[in-house]
Amino acid sequence: MPDLLIELFSEEIPARMQARAREELKKLVTNGLVEAGLTYASAGAFSTPRRLALSVEGLTDSSKPEREERKGPRADAPEKALEGFLRSTGLSKDQLELRDDKKGKVYFAVIDRPGRPAAEIVAEVLSAAIRNFPWPKSMRWGAGSLRWVRPLHSILCILSDESGARIVPLQVDGIASGDTTRGHRFLSPDAFSVANFEDYAIKLRRAKVMLDTAEREGAIAQEAANLAFARGWEIVEDQGLLTEVAGLVEWPVPLMGEIEERFLDLPPEVLQTSMKEHQKFFSARNPKTGRIEGFVTVANIETPDDGATILAGNQRVLAARLSDAAFFWENDLRVAKAGMGDWAEGLKSVTFHNKLGSQADRVARIAALAREIAPMVGADPDQAARAAELAKLDLRSEMVGEFPELQGIMGRYYALEAGEDAAVADAARDHYSPLGPNDKVPDAPVSVAVALADKIDTLSGFWAIDEKPTGSKDPFALRRAALGVIRLVLANGVRSQLGKTARAALSSGLMSDFGKSHGPGHGAAADEDRVGSISDDLLAFLHDRLKVYLRDQGIRHDIIDAVLAQPGNDDLVLVVNRATAMNDMLSTEDGQNLTQGLKRASNILAQAEEKDGVEYSFGADPKFAETDAERALFAALDAAEPAIKASVAKEDFPAAMSAIAGLRAPIDAFFDAVQVNTDNQIVRRNRLNLLSRIREAGRNIADFTRIEG
């Protein structure tokens with residue numbers, strides 16, 4: 001079985017596109033080969049800034065021959081029907097077979113397709129892959145029609161086995177396939193031929209190209225760590241930057257430099273961000289001082305002076321960049337020390353949303369809401385309100401204007417320079433968090449209050465103006481804001497009624513400024529109804545995001561639905577505690593059987609109530625019990641009901657589940673021994689009222705009818 005090697009050699013591919021391009025090449029080619037009837041043992045895709053490569057091992061020599069039989073029209077069918085059948089098969093009439101069928105003679109076509117050689121299939125599949133490659137952005141060059149991310153120079157495509165290598169002949173837009181490639185642009189630019197993947201990888205390394213992205217990342221990380229260790233420093237970890245830099249170089253040569261003394265007092269985040277964004281430098285921290293004192297740049301070339309010239313040039317550019325940062329910092333500090341009044345005034349002219357007012361309007365709403373939330377999270381209301389008033393001011397700073405990703409981080413520094421309490425300053429930094437599913441959740445009370453207020457105001461505002469997410473579109477990141485609320489509440493055990501908090505957010509400014517009804521027949525009552533409707537809809541959205549979040553934690557959606565059907569479903573901590581205990585119970589055989597018994601009781605009761613037009617909810621009396629199973633169920637309910645209610649009242653849901661689990665055997669025995677809908681109406685009513693006690697026992701915990709299966 002031959003092995004296949006493909007390389008598409010071009011000008012530099014943007015680093016951000018390389019990982020996806022590797023996977024797309026692998027998928028397009030291997031799927032195409034399989035669809036054409038070939039099989040293979042394994043495949044691996046690789047990329048460097050100038051090449052995409054694919055190695056396919058154990059490819060079959062050819063596709064298998066195929067025979068297809070197709071039934072056609074009857075022998076006496078109209079000529080047009082026969083002509084259509086012949087066109088669809090590509091055969092002539094004399095190539096058809098007449099066979100006996102239930103309705104007489106029928107034409108059959110027997111189509112033999114011989115196997116195709118692997119080279120023919122590979123050429124066809126690769127040509128299509130190149131022409132239809134899904135680059136996020138592509139270009140045309142010269143007089144050709146081919147679109148590629150950057151000009152494509154050569155196509156290497158060979159099949160190799162024990163007898164040697166052979167070129168798979170194909171041509172795409174004037175570029176003919178071959179068995180040659182090139183090494184490093186400067187260190188080894190000459191072309192060379194290869195015989196197989198192993199030969200390819202070895203010769204590329206000799207030509208100063210590391211083919212494997214993971215190897216380049218590892219080499220950069222290791223050498224950077226060694227350089228830092230030699231100076232008593234440590235590299236600030238940044239996996240995103242490491243991946244990007246590995247996509248910029250074919251032969252990584254890390255070089256270490258020092259940051260000039262005059263810049264060392266800049267906040268470390270400023271140094272790190274400036275070096276990362278502008279020059280793709282890794283930051284080196286001195287663990288003794290906690291400052292960023294050095295950097296690592298990764299060259300793509302070895303030089304006779306061991307990179308001294310490269311490093312000197314980078315030092316000059318870095319000094320210019322950091323001079324700008326120092327200028328911004330000094331200007332911002334003057335405003336901060338003066339109380340940041342200029343920035344607060346400036347927020348009045350910054351529009352947050354044309355239907356939701358300015359950033360200053362938004363800050364006022366967040367401050368009012370943070371004051372209300374503060375007691376729920378153990379924060380001082382005055383500190384929470386003050387932190388909210390300061391949290392957005394750094395948006396007007398020069399530093400954040402240059403580096404928007406530093407918003408919040410710089411807010412903390414400026415608040416401290418203004419003499420604010422540390423808890424207030426920390427909240428200015430933390431109030432955007434958590435930004436994603438892996439982002440750290442704030443736990444300081446003032447930070448939690450402001451972060452919740454910020455996100456709830458955002459959600460309430462866009463709900464008030466009916467700008468909700470639709471399908472895959474979420475331009476205002478409202479799903480992320482909802483997940484942030486959920487994670488803040490759950491991580492900090494915040495016992496709040498989110499529906500009430502949302503109504504407070506709507507009533508405190510949003511509806512009065514942007515959503516109130518006007519005109520005849522409208523007024524306070526109508527506005528209150530609209531606030532309630534919007535907050536209910538927002539709570540339903542939060543419930544939907546909670547389902548997604550808990551599903552990722554291993555809790556089934558039907559369990560969440562069963563719990564959300566209970567009162568208090570805007571207390572997310574309560575909801576999760578119920579759902580977790582119920583999920584644990586339903587993972588046992590007893591829990592599953594108990595659920596079936598509770599559902600059976602509810603279903604029989606619902607059918608009887610619909611038929612009789614009455615509600616069976618009281619009056620079950622053990623004196624009307626006719627069987628031991630009935631009497632045992634009465635006794636079990638008498639014991640379980642108070643235990644369930646007491647446990648639920650204490651929110652000890654594992655204990656409540658344990659108490660209701662004790663009903664499993666009596667309920668099973670009851671249904672095995674008793675016919676509920678007996679002819680004796682007194683006994684029937686008594687048994688239905690007994691089922692009502694079972695239903696109510698379950699309802700104390702969850703709506704078990706929503707459990708599937």
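Of all residues in region 601-619, count the ones that are assigned to a helix (DSSP H, G or I) and over 49 Å from the mean Cα position of the chain (by Cα). Explain how you work it out, then say what you get.
Just the residues of region 601-619 that are assigned to a helix (DSSP H, G or I), to begin with: 601-612.
When the remaining residues are screened for being over 49 Å from the mean Cα position of the chain (by Cα), the result is 612.
Result for region 601-619: 1.
Taken over region 373-388, the residue count meeting the criterion of being surrounded by fewer than 21 Cβ atoms within 10 Å (Cβ to Cβ) and either in contact (Cβ under 8 Å) with a residue 12 or more places away in the chain or outside any helix (DSSP H, G or I) (or both) is 3.
Within region 224-240, residues that are at pLDDT 95 or above and buried (at least 19 other Cβ atoms within 10 Å of the Cβ) have Cβ atoms under 6 Å from residues that are part of a helix (DSSP H, G or I) and among the hydrophobic types (A, V, I, L, M, F, W, C) in these pairs: Ile235/Ala224; Ile235/Ala225; Ile235/Ala228, counting only partners at least 6 apart in sequence or on another chain.
Selection within region 162-201: residues that are under 18 Å from Pro49 (Cα atoms) and β-branched (Val, Ile, Thr). The member of this set that is surrounded by the fewest Cβ atoms within 10 Å (Cβ to Cβ) is Thr180.
Would you mind finding the one in Arg16, Arg22 that is surrounded by fewer than 17 Cβ atoms within 10 Å (Cβ to Cβ), basic (Lys, Arg), in the same structural domain as Ala176 (by TED's automatic domain parsing) and under 45 Å from the mean Cα position of the chain (by Cα)? So that I can check it myself, show each step before the final result.
Values: Arg22 fails: surrounded by fewer than 17 Cβ atoms within 10 Å (Cβ to Cβ).
On inspection, the qualifying residue turns out to be Arg16.
Within region 125-153, the set of residues being farther than 21 Å from Glu23 by Cβ and outside any loop (DSSP other than H, G, I, E, B) comprises Met139, His153.
Taking into account only those residues within region 487-496 that are touching a residue at least 60 places away in the same chain (Cβ under 8 Å) and surrounded by 17 or more Cβ atoms within 10 Å (Cβ to Cβ), which is farthest from Ala464 (Cα to Cα)?
Start the filter on region 487-496 by keeping residues that are touching a residue at least 60 places away in the same chain (Cβ under 8 Å), which leaves 487, 489-490, 492-496.
When the remaining residues are screened for being surrounded by 17 or more Cβ atoms within 10 Å (Cβ to Cβ), the result is 487, 489-490, 492, 494, 496.
Values: Arg487: 23, Val489: 23, Leu490: 25, Asn492: 28, Val494: 25, Ser496: 21 Å.
Once the filter is applied, the top-ranked residue is Asn492.
Scanning region 171-190 for residues that are assigned to a loop (DSSP other than H, G, I, E, B), more than 40 Å from the chain's Cα centre (by Cα) and not charged (D, E, K, R) turns up Gly174, Phe186, Leu187, Ser188, Pro189. May I ask you to verify whether Gly232 is over 25 Å from His153 (Cβ atoms) and outside the structural domain of Ala15 (by TED's automatic domain parsing)? Yes, satisfied. Residue-level analysis places Glu237 among those that are in a loop (DSSP other than H, G, I, E, B), assigned by TED's automatic domain parsing to the domain that holds Thr289, farther than 30 Å from Glu57 by Cα and under 29 Å from the mean Cα position of the chain (by Cα). Determine whether Ala228 is out of contact with any Ser or Thr (no Cβ under 9 Å at 6 or more places or on another chain), among the hydrophobic types (A, V, I, L, M, F, W, C) and either over 23 Å from Glu402 (Cα atoms) or part of a loop (DSSP other than H, G, I, E, B) (or both). Answer is yes for this residue. Could we say that Lys64 is part of a loop (DSSP other than H, G, I, E, B), charged (D, E, K, R) and exposed (fewer than 15 other Cβ atoms within 10 Å of the Cβ) here? Criteria met by Lys64.
What do you reckon, is Val614 surrounded by 14 or more Cβ atoms within 10 Å (Cβ to Cβ) and β-branched (Val, Ile, Thr)?
Details: surrounded by 14 or more Cβ atoms within 10 Å (Cβ to Cβ): no; β-branched (Val, Ile, Thr): yes.
For Val614, the condition - surrounded by 14 or more Cβ atoms within 10 Å (Cβ to Cβ) and β-branched (Val, Ile, Thr) - is not met.
Does Asp529 fit the bill of being touching a residue at least 24 places away in the same chain (Cβ under 8 Å), assigned by TED's automatic domain parsing to the domain that holds Leu498 and among the acidic types (Asp, Glu)? It is false that Asp529 is touching a residue at least 24 places away in the same chain (Cβ under 8 Å), assigned by TED's automatic domain parsing to the domain that holds Leu498 and among the acidic types (Asp, Glu). Inspect all residues belonging to region 107-124 and state whether any of them is part of a loop (DSSP other than H, G, I, E, B) and surrounded by fewer than 12 Cβ atoms within 10 Å (Cβ to Cβ). Taking every residue of region 107-124 in turn, at least one turns out to be part of a loop (DSSP other than H, G, I, E, B) and surrounded by fewer than 12 Cβ atoms within 10 Å (Cβ to Cβ). I need the full set of residues from region 655-668 which are among the hydrophobic types (A, V, I, L, M, F, W, C) and surrounded by fewer than 18 Cβ atoms within 10 Å (Cβ to Cβ), in order please. Passing the criteria: Ala655, Ala661, Ala665.
Of the set (1) touching a residue at least 12 places away in the same chain (Cβ under 8 Å); (2) out of contact with any His (no Cβ under 7 Å at 6 or more places or on another chain); (3) not in a strand (DSSP E or B), all apply to Leu255 but (3). I'd like the full set of residues that are under 21 Å from Ala221 (Cβ atoms) and not in a strand (DSSP E or B), limited to region 288-317. Passing the criteria: Asn300, Ile301, Glu302, Asp306, Gly307, Ile310, Leu311, Asn314. Residues of region 30-55 that are within 23 Å of Leu204 (Cβ to Cβ) and buried (at least 20 other Cβ atoms within 10 Å of the Cβ): Thr30, Ala45, Phe46, Ser47, Thr48, Pro49, Arg50, Arg51, Leu52, Ala53, Leu54, Ser55.
Filter region 265-296 down to residues that are in contact (Cβ under 8 Å) with a residue 40 or more places away in the chain, within 23 Å of Met399 (Cβ to Cβ) and surrounded by 19 or more Cβ atoms within 10 Å (Cβ to Cβ), then give me how many there are.
First, the residues of region 265-296 that are in contact (Cβ under 8 Å) with a residue 40 or more places away in the chain: 266-267, 269-271, 273-275, 277-279, 282-288, 292-294, 296.
Now drop any that are not within 23 Å of Met399 (Cβ to Cβ), which leaves 266-267, 269-271, 273-275, 277-279, 282-286, 292-294.
Pick out the ones that are also surrounded by 19 or more Cβ atoms within 10 Å (Cβ to Cβ) and you get 266, 269-271, 273-275, 282-285, 292-294.
Final tally of qualifying residues: 14.
Looking only at residues in region 620-640 that are within 17 Å of Arg695 (Cα to Cα) and charged (D, E, K, R), the one that is farthest from the chain's Cα centre (by Cα) is Asp621.
In the list Val485, Val450, which residue meets the criterion of being under 24 Å from Met410 (Cα atoms), in the same structural domain as Pro375 (by TED's automatic domain parsing), part of a helix (DSSP H, G or I) and out of contact with any Lys or Arg (no Cβ under 6 Å at 6 or more places or on another chain)?
Working: Val485 fails: out of contact with any Lys or Arg (no Cβ under 6 Å at 6 or more places or on another chain).
Just one listed residue meets the conditions, Val450.
Let me confirm something: among Ala45, Ala109, which residue is among the aliphatic types (A, V, I, L, M), in contact with a helix residue (DSSP H, G or I) (Cβ under 6 Å, 6 or more places away or on another chain) and not assigned by TED's automatic domain parsing to the domain that holds Leu28? Give the derivation first.
On the way: Ala45 fails: not assigned by TED's automatic domain parsing to the domain that holds Leu28.
Checking each option against the conditions leaves just Ala109.
Only one residue in Lys93, Lys102, Lys27, Lys80 is free of Cβ contacts under 8 Å to residues at least 24 places away in the same chain and surrounded by 13 or more Cβ atoms within 10 Å (Cβ to Cβ), so which one is that? Matching residue, one of Lys93, Lys102, Lys27, Lys80: Lys27.
Filtering Leu86, Leu91, Leu98 for residues that are in a strand (DSSP E or B) and not assigned by TED's automatic domain parsing to the domain that holds Glu35 leaves a single hit, Leu98. Considering region 1-59, the residues that are part of a helix (DSSP H, G or I) and of a type in the set (D, E, K, R) include one that is farthest from Leu146 (Cα to Cα), namely Glu35. With respect to the conditions (1) closer than 24 Å to Ser193 by Cα; (2) in contact with a helix residue (DSSP H, G or I) (Cβ under 9 Å, 6 or more places away or on another chain); (3) of a type in the set (Phe, Trp, Tyr), Tyr40 lacks only one, and its number is (1).
The values are calculated or read from the model by the stated rules, or taken from the named source; none is laboratory data. Being a predicted model, the structure only gives us computed values, none of them experimental. Glycine also receives a Cβ, built like all others from the backbone with ideal geometry; neighbour counts cover every protein chain displayed.
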